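The values are calculated or read from the model by the stated rules, or taken from the named source; none is laboratory data. These figures come from a predicted structure and were not determined experimentally. Every residue, glycine as well, gets a Cβ built from its backbone with ideal geometry; the counts of neighbours run over all protein chains shown.
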Amino acid sequence: MNTTFAEAMLGTLDQLLDEDQRAVIFGSVWLGFSPARLALWQQLTEKHRERVYYPPISEAGVCGAAIGAALNGLRPLVGLGTASFAFQAWAQIVNEAANAYYMSAGQSRVPAVFHLMAGGRDGAGPQHVHAPQSAFWNTPGLEIIVPATPADAAGLLRTAYESDNPTIFMNHLDLLDVAGDVPPGVHRVPFGRAEVKRSGGDVTVVASSIMVHRALAAAEQLAAEGIDVEVVDLRTLVPLDRDAILTSVAKTGRLVVADDGRLSCGVASEIAAIVAEEAFESLKAPIRRVTMPDVPAPASPLLMKQLEPTAEKIAGAVRSLVGTIPI
Amino acid sequence: MLLIRRFEEAVITLRAQGLVPGHPIVYIGQEAIAVPAMAHLRPGDTLFSTHRNHGHILARGADPGRLLAEILCRDTGYNRGLAGQMHPSMPELGILQTSAIVANPVALATGAALAAKYRGGGEISVAFFGDGCLEEGVFYESLNLAAIWKLPVVYVCENNSLEALGYASGEYPSSTLATGRLTDFPAAYGITVEVVDGADTLAVSRSVGAAVERARTVGQPSFVEARTVRWPGSRLLWPQLVTGETNLAMAWDSALIPEQHGDWLAQHDPVLGLCRELLSSQEVTLTEISALDESVKQTVDWAVRFAVESPEPVPDTAYFPVFAGRRGQ
């Protein structure tokens, strides 16, 4: 348990830069702003000085250039920093990168990774706190990875890099200092393979990214109350491991979906729809979604706490499904 | 140039017959930009065009039949009808992606130039775009990147709005900028700029040739503004053959030039202009021009037959994989 999420990601980046001359990095804030993590980042960039581009504040231009470079044979790793900065580059990511393969009938490829940080520091407020994974999911042509642990961050980043498709790496800020074991050497986590992070028989909680940790915390609380929760970590949204979700729901008959994005047309909505369409007969209770409500993120940490999808809210949703509180 | 002209005339005719989905955006009147520019490119160089791309793609050596088939959204097109007339791509010619989103090709070309510089093989990248592109923000971001990172990219701005700078002139407002001098912007970034008559084949060749050389040897971006006077048939929302099928004899017999649109035909048509120039310098004869025209017409006739007789894509083509390496989703 001695490697942090940030270190794990950095380890993979370092390996990729060592292995493959086509790897280049754009952007300098992959690890947020803590002094310790900035020092880590500096080690990497000093080692690979010629391979790291520090761009001006030009998200559209930089993403467009990264896509052009990817079309022309490089494999760029683009750190956009705060997830909402991707909105500046929307036209490039969703309309150039995502369309390239299909639009060319499979002749052009954009093997680029776009790293985005969801969540926000205290006081960040509406413009810097976004978790737009569902917005990207609404664009065919983008792979989306949402790791929760250092090992998955390391392994999924490698798989994303080796993929010939554009990949969105959603990294919640609160994960950066989470520690865990990372297999040594080259580590790959396949896309489209969810992992049951905790096995249980009463209620399935489907989660990803930071919500996996909140779901596990909720499961601990609930275990003390005699409720046995299974936590399914999606790990990638595109491709999605439908089978893992359906298998778990077939076992428990109850589903809570937790996501740090917004409620409407969100990740949780999509999972709920899939289960309603394909496993209706397995369900013993309605599906519950625990997400950010359709409200901007307030700057006040106190007010933010009201809206955030917390472990307590997940636990509450689970209790409502097993009848310990009224539905 | 003649191939582009006859090809586009065929596209307009096919559209009138209801065979072109949507409305085509043609290159008539700008042939003297794509053709001489392309002559300076080598294999391995990349180029990025826009919604007005047929001329660039033909000048780069694409097969007219397969391009026309793509415009007609047929299965034999370069991209099986998935790209259509606004997004054809053919990586084997360095045409990696054709974006119909204004100014995005400038961003992509900048990145392709970065990749070329990174590899160090002397390859360059060229972006072709209209003057309206300067109305978009990503244009400026891209030029800044090219300037600070010294990228081997040539920006060729095809200004076809000389009569149309803003609504004020009452023309179709393809360019609405607060400046009349487009080159002020790239010049402010320290990018070498040149304005050239876009109907003058040799002038374009000299200007783009110098820019390509600058990119290849010293790795610096350039901006060439090639000014053309918009072909009257493109003034409308969709093109119409208002000047008829081009009668090359107008180049040597001015009596044949009709009164309507006569000014454009006499002074601004790059194809007729080049014919006049070559005839006056006695580099070619009337017979040679006519023979060339006949042969080009045959090529285009063949392309039309090929495209029109080509099958539509089978319905399952709609589910062409969205991702490399796997099917579905």
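For this structure, a couple of remarks:
- Matching residues, the range A:285-301, being more than 25 Å from the chain's Cα centre (by Cα) and either of a type in the set (Gly, Ala, Ser) or at pLDDT below 95 (or both): A:Ala285
- Elements of type strands (runs of 3 or more DSSP E) contained in the range A:205-278, each with 1 or more residues being of a type in the set (D, E, K, R) and either out of contact with any Gly (no Cβ under 9 Å at 6 or more places or on another chain) or within 24 Å of A:Asn138 (Cα to Cα) (or both): A:229-233, A:255-262
- Qualifying residue in the range A:114-130 (condition: modelled with pLDDT under 95, closer than 28 Å to B:Ser99 by Cβ and crowded, with 24+ Cβ neighbours inside 10 Å): yes
- Restricting A:Ala69, A:Ala60, A:Ala97, A:Ala105 to those that are more than 9 Å from chain B (Cβ to nearest Cβ), surrounded by 18 or more Cβ atoms within 10 Å (Cβ to Cβ) and in contact with a Gly (Cβ under 9 Å, 6 or more places away or on another chain) reduces the list to A:Ala97.
- Residue ID - surrounded by the fewest Cβ atoms within 10 Å (Cβ to Cβ), chosen from residues in the range B:86-108 that are assigned to a loop (DSSP other than H, G, I, E, B) and within 7 Å of another protein chain (Cβ to nearest Cβ): B:Ile101
- Listed by position, the helices (runs of 4 or more DSSP H) inside the range B:1-77 whose residues that are in contact with a strand residue (DSSP E or B) (Cβ under 8 Å, 6 or more places away or on another chain) number at least 3 are B:31-38.
- Any pair with Cβ under 6 angstrom, 6 or more apart, that starts in the range B:238-264 at a residue that is at positive phi and ends at one that is surrounded by 13 or more Cβ atoms within 10 Å (Cβ to Cβ) and not hydroxyl-bearing (Ser, Thr, Tyr): B:His261/B:Pro232
- Taking the criterion of being more than 7 Å from chain B (Cβ to nearest Cβ), part of a loop (DSSP other than H, G, I, E, B) and closer than 18 Å to B:Leu108 by Cβ, the residues of the range A:108-121 that qualify are A:Val110, A:Pro111, A:Ala112.
- Within the range B:180-227, considering residues that are out of contact with any helix residue (DSSP H, G or I) (no Cβ under 6 Å at 6 or more places or on another chain), surrounded by fewer than 22 Cβ atoms within 10 Å (Cβ to Cβ) and β-branched (Val, Ile, Thr), the one nearest to B:Gly122 (Cα to Cα): B:Thr217
- Of all residues in the range B:101-130, those that are without any contact (Cβ under 8 Å) to a residue 40 or more places away in the chain have Cβ atoms under 8 Å from Cβ atoms of residues that are of a type in the set (S, T, N, Q), 6 or more apart or on another chain, in B:Ile101/A:Asn95; B:Ala103/B:Ser142; B:Asn104/A:Gln92; B:Asn104/A:Asn95; B:Ala107/A:Gln92; B:Ala107/B:Ser142; B:Gly111/A:Asn72; B:Ala115/A:Asn72.
- When restricted to residues that are within 14 Å of chain B (Cβ to nearest Cβ), modelled with pLDDT under 95 and surrounded by fewer than 20 Cβ atoms within 10 Å (Cβ to Cβ), the range A:37-55 contains 3.
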